[in-house]
Amino acid sequence: MKYILVIDQGTTSSRAILFNVNGEAVGQAQQEFKQIYPHPGWVEHDPIDILSSVRSVISTALTEARVKHSELIGMGITNQRESIVMWDKQTGEPIYNAIVWQCRRTMSRCIELEEYKEEILKRTGLKLDSYFSASKIEWLLKNVDKAKELLDRNRLCVGTIDTFLMWQLSGGKIYKTDYTNASRTMLYNIHELCWDSMLCDLFGIPKNILPEVCPSSHIYGYTDQEILGFKIPICGVAGDQQSALFGQCCFEKGDLKVTYGTGCFLLMNTGSEAFVSKNGLITSLGCQTNQKPSYVLEGSVFVGGAVIQWLRDELKVISSATESEALARSVENTNGVYLVPAFVGLGAPYWNFEAEGLITGITRGTNKAHITRAALEAIAFEVNDVVEAMKKDIGVDILTIEVDGGAIGNNFLMEFQADISNAYIARPKNKEVTALGAFYLAALELQLFDSLEEIKLKNPIERTFIPNMSKEERETKLKGWNKAIRKASLK
Ligand code: ADP
């Protein structure tokens, strides 16, 4: 048998998933690693921890699935985006911990750069924020002596996690990244498809130290026999969100996926056209499988499934996330209650860091079922706000939404999303969409599939939720939600 090995290097754990040539996962292993918080708001990972967790899950997945090295034909990598690592070209040793996407240490620096925000948006499609890699790289160059020393000696390597892993697994032979990862650094010009000279100068980053950027489906090079015990091509690479979009078979312009995890992540394929959002969204590069660049519009909701964790852990009205469905269904409606989970402000499309969470419309008759139902509805309302922003930006209606993530098991949430967005909600059979994206990218390069259509046929839908709410009811509910959002946004 032949297998493709996919590495899913996430923020809290590393996974290895083995796919057979039909895209069925036949084995997997997962390992968490340490989160390092040196100061309030700072988040780091030890790159050696990341690397050893990756090596360990590869070996466990192979052993448990009884797959031999000789049966592996290729590797795909999908990874946490924006996080940045620096290492020594000669020894491979990291010179500092990885600065993770969540890390806010460069927030004040980004505020200083405010006057460049329009230019940054125009060139990179991104909002000026410490979330992206540029200011993290600048910080390392300014604050870590070893970085300066290695730079002077022409020995400094810097990259996102995909680049670091490829470099390490190839024994230093691959120094590359893909378009999706490059587009999250805030240094990459997404229109001209090159590292942007003006931005590299702005952040004091020499362009020549940055890795080569390649399409997501591409032979990047080979794993090193001595390091992993097998030599196979690394041929599919993408940042996690873009990989999930590809894994959901969102190959056409207007195709949209929503990931319902701790937060909610919405990505829409906008084809070969880069839409610069007028409605609080960001633009990035999508997975590229041919000569043409592919663009995505992205919006994130900070608190998604996390509101259900809050009901469980703080309010203690449920003992598991799953219970929220039955409790919500135990009442006919929220009885006028709206919950805005603006625990850390509001993300897209509002971008209001001062907004505060609230529960509104409570009466003497309000009970925990109403609040739970309002919490689930809030997730759908928040997602819908981003969907509406996307519709406005690209000027077309959205008929179907592909879904993934931990909370999609909640049928009530899926039904309500269909109703409130007046769209079909398609839940795939294969829930491993992030890894599946990297698998498809690798499989396309290895010519296991002839076309994207052929891939689509292999990706069945488990269930479609059909909208079933009158226009009047939807409008009334949306009015109530918008009123609650306005209240949450008042200082
Ligand atoms: P992440 O990748 O962000 O860690 P997951 O995709 O694993 O998140 O999803 C976990 C989130 O989904 C948690 O916030 C949890 O509260 C929520 N969740 C899981 N199951 C349900 C459910 N049945 N109903 C509502 N929310 C759920």
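The values are calculated or read from the model by the stated rules, or taken from the named source; none is laboratory data. All values derive from a computational prediction rather than experimental measurement. Neighbour counts run over all protein chains shown; Cβ positions are idealised from the backbone, glycine included.
In the set Glu64, Glu93, only one residue is over 15 Å from Gly159 (Cβ atoms), among the charged types (D, E, K, R), touching a strand residue (DSSP E or B) at 6+ places or on another chain (Cβ under 7 Å) and surrounded by fewer than 24 Cβ atoms within 10 Å (Cβ to Cβ); that residue is Glu64. Scanning region 436-448 turns up no residue that is surrounded by 23 or more Cβ atoms within 10 Å (Cβ to Cβ), within 22 Å of Glu323 (Cα to Cα) and either touching a Ser or Thr at 6+ places or on another chain (Cβ under 9 Å) or not β-branched (Val, Ile, Thr) (or both).
Note on region 302-313: among residues that are of a type outside the set (Gly, Ala, Ser) and either surrounded by 21 or more Cβ atoms within 10 Å (Cβ to Cβ) or away from the ligand (no atom under 12 Å from the Cβ) (or both), the one that is nearest to the chain's Cα centre (by Cα) is Val303.
For every residue, the table says whether it meets (1) among the charged types (D, E, K, R); (2) touching a strand residue (DSSP E or B) at 6+ places or on another chain (Cβ under 7 Å); (3) within 16 Å of the ligand (Cβ to nearest atom); (4) in contact (Cβ under 8 Å) with a residue 24 or more places away in the chain.
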position: Ser243; (1), (2), (3), (4): no, yes, yes, yes
position: Gly247; (1), (2), (3), (4): no, no, yes, yes
position: Lys257; (1), (2), (3), (4): yes, yes, yes, yes
position: Tyr260; (1), (2), (3), (4): no, yes, yes, yes
position: Gly263; (1), (2), (3), (4): no, yes, yes, yes
position: Ser300; (1), (2), (3), (4): no, yes, yes, yes
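Here the condition is being of a type outside the set (A, V, I, L, M, F, W, C) and under 19 Å from the mean Cα position of the chain (by Cα); of Gln9, Gln28, it holds for Gln9 alone.
What about Leu346, is it touching a helix residue (DSSP H, G or I) at 6+ places or on another chain (Cβ under 6 Å) and of a type outside the set (Phe, Trp, Tyr)?
Working: touching a helix residue (DSSP H, G or I) at 6+ places or on another chain (Cβ under 6 Å): no; of a type outside the set (Phe, Trp, Tyr): yes.
No.
One residue stands out in region 388-406 among those that are buried (at least 23 other Cβ atoms within 10 Å of the Cβ) and aliphatic (A, V, I, L, M): the one that is nearest to the ligand (Cβ to nearest atom), namely Val403.
Inside region 359-372, residues that are more than 17 Å from Val317 (Cβ to Cβ) and part of a helix (DSSP H, G or I) make up a count of 0.
If you go through region 338-376 and keep only what is surrounded by fewer than 23 Cβ atoms within 10 Å (Cβ to Cβ) and free of Cβ contacts under 8 Å to residues at least 40 places away in the same chain, you end up with Phe353, Ile359, Ile362, Thr363, Arg364, Gly365, Thr366, Asn367.
Return the residues of region 402-421 that are aliphatic (A, V, I, L, M) and more than 11 Å from Tyr260 (Cα to Cα); say none if nothing qualifies. Reasoning before the result, please.
If we filter region 402-421 for residues that are aliphatic (A, V, I, L, M), which is where we start, we get 403, 407-408, 413-414, 418, 420.
Within region 402-421, Ala418, Ile420 qualify.
Selection of helices (runs of 4 or more DSSP H) fully inside region 130-193 by the criterion of at least 1 residues being in contact (Cβ under 8 Å) with a residue 12 or more places away in the chain and under 19 Å from Gln288 (Cα atoms) returns 161-169, 179-182. The residues in region 311-337 that are touching a residue at least 60 places away in the same chain (Cβ under 8 Å) and in contact with a strand residue (DSSP E or B) (Cβ under 9 Å, 6 or more places away or on another chain) can be counted, and the count is 1.
This table checks each residue for (1) at pLDDT 90 or above; (2) not in a loop (DSSP other than H, G, I, E, B).
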| residue | (1), (2) |
| --- | --- |
| Leu266 | yes, yes |
| Gly280 | no, no |
| Asn290 | no, no |
| Gly304 | yes, no |
| Ile308 | yes, yes |
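Looking across region 454-470, the residues that are in contact (Cβ under 8 Å) with a residue 12 or more places away in the chain and of a type outside the set (Val, Ile, Thr) come down to Lys456, Lys458, Asn459, Pro460, Glu462, Arg463, Phe465, Pro467, Asn468, Met469. Please name all residue pairs, on different chains or six or more residues apart, with Cβ atoms under 9 Å, provided the first residue is in region 96-119 and is free of Cβ contacts under 8 Å to residues at least 24 places away in the same chain and more than 18 Å from Lys142 (Cβ to Cβ) and the second residue is surrounded by fewer than 21 Cβ atoms within 10 Å (Cβ to Cβ) and of a type outside the set (A, V, I, L, M). Listed pairs, sorted by first residue: Lys117/Lys127.
The residue that is nearest to Ile7 (Cα to Cα), counting only those in region 33-45 that are modelled with pLDDT of 90 or more and surrounded by 15 or more Cβ atoms within 10 Å (Cβ to Cβ), is His45. The set of residues in region 373-416 that are among the aliphatic types (A, V, I, L, M), closer than 25 Å to Val276 by Cβ and in a helix (DSSP H, G or I) comprises Val383, Val386, Val387, Ala389, Met390, Ile394. Just for region 315-325: of the residues that are within 12 Å of the ligand (Cβ to nearest atom) and over 16 Å from His370 (Cβ atoms), which one is surrounded by the fewest Cβ atoms within 10 Å (Cβ to Cβ)? The residue in question is Ser320. Evaluate the following for Ala328: is it more than 10 Å from the ligand (Cβ to nearest atom) and either buried (at least 21 other Cβ atoms within 10 Å of the Cβ) or in a strand (DSSP E or B) (or both)? Judged against the criteria, Ala328 is not a match.
Scan region 242-266 for residues that are of a type in the set (S, T, N, Q) and either assigned by TED's automatic domain parsing to the domain that holds Leu285 or over 29 Å from Gly345 (Cα atoms) (or both) and the total you get is 3. Considering only residues in region 161-202 that are charged (D, E, K, R) and surrounded by fewer than 24 Cβ atoms within 10 Å (Cβ to Cβ), the one that is nearest to His218 (Cα to Cα) turns out to be Lys176.
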